[in-house]
Amino acid sequence: TFSAASTIGRIFIGPRFKPANNIDWSHTLEVESKTLISEALGGPEYFDTRPNRRVWRGAFSWLNTAEASTWLDVQRSLDVSGEVYWYEDDTDTTYRGQRWFYGRLRTLSAIEYPYLSTYKTGIEIGELL
């Protein structure tokens, strides 16, 4: 779900995309390390520690025609450089600090047409640091 929300140090105001049917089960939230590791000839490892980021991957498999069209417009207008505020459950007040984040689309996914009047698409969002 995308919506207007505030974060520490900035405010994000934008349109909200919330389909009638929720995201599919089996979505993922991972921590992606950006730390560089180099190994000396003698074996010790050295680390160039960098901030890690959250990456969310999931899919919407039950979009109607209007929702699929809206998602196509979202991808066209944001591309992979536009900013979004991601949260999957707006009622989650316990874990939102871990699961809600400011990010960008990392990939532009095809909108598939698996069933009559039903569309599906994948989403991958990476946290902006």
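The values are calculated or read from the model by the stated rules, or taken from the named source; none is laboratory data. Bear in mind that the values here come from a model prediction, so they are computed numbers and not experimental data. Here the Cβ positions follow ideal geometry from the backbone for every residue, glycine too, while neighbour counts run over all protein chains shown. Heads up: the accessible areas ignore ligands, DNA and RNA and are worked out on the full protein's heavy atoms, side chains in. Shrake-Rupley method; radii C 1.70, N 1.55, O 1.52, S 1.80 Å.
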Quick check: is even one residue across segment 57-77 assigned to a loop (DSSP other than H, G, I, E, B) and open to solvent by 90 Å² or more (accessible area, probe 1.4 Å)? no
So Thr91, is it polar (S, T, N, Q), modelled with pLDDT under 90 and touching a Lys or Arg at 6+ places or on another chain (Cβ under 8 Å): no
Reported set for segment 8-56 where residues are within 15 Å of the chain's Cα centre (by Cα), open to solvent by less than 80 Å² (accessible area, probe 1.4 Å) and among the polar types (S, T, N, Q) is Thr28
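Name the single residue that is nearest to Gly14 (Cα to Cα) among those in segment 82-112 being touching a helix residue (DSSP H, G or I) at 6+ places or on another chain (Cβ under 8 Å) and part of a strand (DSSP E or B).
The selected residue is Val84.
Yes/no per residue for (1) modelled with pLDDT of 95 or more; (2) of a type in the set (Phe, Trp, Tyr); (3) touching a Phe, Trp or Tyr at 6+ places or on another chain (Cβ under 9 Å):
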| position | (1), (2), (3) |
| --- | --- |
| Val74 | no, no, yes |
| Leu78 | no, no, no |
| Glu83 | no, no, yes |
| Trp86 | no, yes, yes |
| Tyr95 | no, yes, no |
| Leu116 | no, no, no |
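Determine whether Leu29 is under 29 Å from Thr118 (Cβ atoms) and at pLDDT below 95.
Yes; evaluated as a whole, the condition is true for this residue.
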